Every structure is written in C-alpha cells, then in structure tokens.
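Asks: Have a look at this one before I ask anything.
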C-alpha cells in the first residue's frame, strides 16, 4: 500500500499552501465591469479638466480655430497673464481664500460638537433635530437673497468677506453636522469610557481617543466645506458689490470677457480646489492607515 499524499508545505510556517481561488466567468465579468465603471468615472472627471487646461494654455490667436486640437502643440501663458492682470482678480482670489478658511473653521467648529452630541447622547427629538438641520437646505438661496442682503446692510457686514463666509457657513453647516455625526457614531463609546476609567477626564478622553480616530472623517468634511465655499457664485454675487470673491468677479465679467479669458478663469477656479483635494487626500489616506493599524 502506498502512503497517502501529503500536501506541500510552506518553508516559513510549515502550513500547507492556501488553495487558489478559481476565477469563474461570473467573477471575471464582475471584475471587468467594475474596472470599466472606474475608467468611465475617471474619464468623466478628468476629460473636462484636461480640455479646460488645453484651452487655457492655447495661444489666444488659436483659441477660435476649428477643429480644435485635443493635443496641445505648445503651452502659452498669455491667456493666464491677461486674466491674472485683469482689474480686481488678484484681490478677489485672496478674498475667496480667506472666505474659504473662515468657512471651514466655523463650519467644523460648530458642526463637529453638534455632530458629537447627536452621536453620543440620547435626547427627546434627536431624529427630528436631524431632519430640521437637513431641511434648512430645502430653502433655495434665491428666495432668501433679498432679505439677507437687506439684513446684511442693516448690521453692517454687506460687501465684506465675513458676510460671505457666514453665508457659506450656513450653507455647509447641515452637511458638516451630519457628516461628523456619522463619523462619531462609528467610533465605539466604550473607548472613551475605558480612557476615563484610567484617569482621563471626559474632555481629555475625547481629545486623546475619539478625536484622532475621527480626523479622517473631519478632514473629508473640511474638503467638502472648502469646495462648497470656493465654488459658490450666487450667494457671493448677491452679498458683495465692490469686494467680490473670485467666482462673483468672474460672473460679472463673463458678458464682456473674451473666450480665452473665460478659459483662463475656469482653469484658475479649478487649480486651488484640486490642490486642496490632493494635499488633504494624502493626509487623509495616511490617517486612515493609522486608524486601521
């Protein structure tokens, strides 16, 4: 009689090698569809950005050529120079930066404690409060624009960066509350209780335990808030006159601006958002890695 076959073992552990997964036609089809969907989504986002870049860096004389070249022959900066040197553009750019920073600080400073309270404490009307917070976005800004502008004039913050930042905070606050609430719900409360049993106060337990775990979600909320503030046009156009933000400045100049100037404006509007997203994205992925570990 022959001895039964013994499966081959790995040299490191002495265990039998894991069985290879058989790739069935169904799994192969699902994998192909997932990759195809990812490629289509990436192209849907990347192609408009690329075309705006090509149009913005095309020489002004070639902007009106037809058919347009998808591959740039050369990169020219004359369109960008005309846009940057236009009256009020640089000042409007910095006003947008300042308004975005103030909006992020206020939205997270108010929304994070509110989201933490919704996640950690049970009180009467909690679900109703969530609906009320979300329902504030049901009122279009068009209806509120004129009364809001009159109120801003009465209290002296019309045509100021602070006025625009407060409006952007009101727009971003519902989402900041709901996002941070979902983040803190996913963090077990027992971790804070364990820290308190080891001598931490409730505030210190939050700062040492919950806050580091919540940083990826808070960072995502910050990205959303920044993009909302940077891209807002209507509220900034209504609440500013002589000191507009960059989107409002571009909007008031579109009817008189040339096509190369418009392409340059679109590219300048894209660049800061892309920089913020990619910089914070690296930080966000690093935070997720630490949390998983």
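Asks: State which residue is farthest from the chain's Cα centre (by Cα) when the search covers only segment 229-241 and only residues that are surrounded by fewer than 19 Cβ atoms within 10 Å (Cβ to Cβ) and farther than 18 Å from residue 151 by Cα.
Replies: Out of the qualifying residues, it is 233.
Asks: Moving on to the next point. Exactly one condition in (1) part of a helix (DSSP H, G or I); (2) out of contact with any helix residue (DSSP H, G or I) (no Cβ under 7 Å at 6 or more places or on another chain) is not met by residue 111; state its number.
Replies: Of the numbered conditions (1) part of a helix (DSSP H, G or I); (2) out of contact with any helix residue (DSSP H, G or I) (no Cβ under 7 Å at 6 or more places or on another chain), the odd one out for residue 111 is (2).
Bear in mind these aren't lab numbers, they're just calculated from the coordinates by the rules spelled out. What you are looking at is a predicted structure, and each value in this text was computed from that prediction instead of being measured. Please note: Cβ atoms are built from the backbone with ideal geometry, for glycine as well, and neighbour counts cover all protein chains shown.
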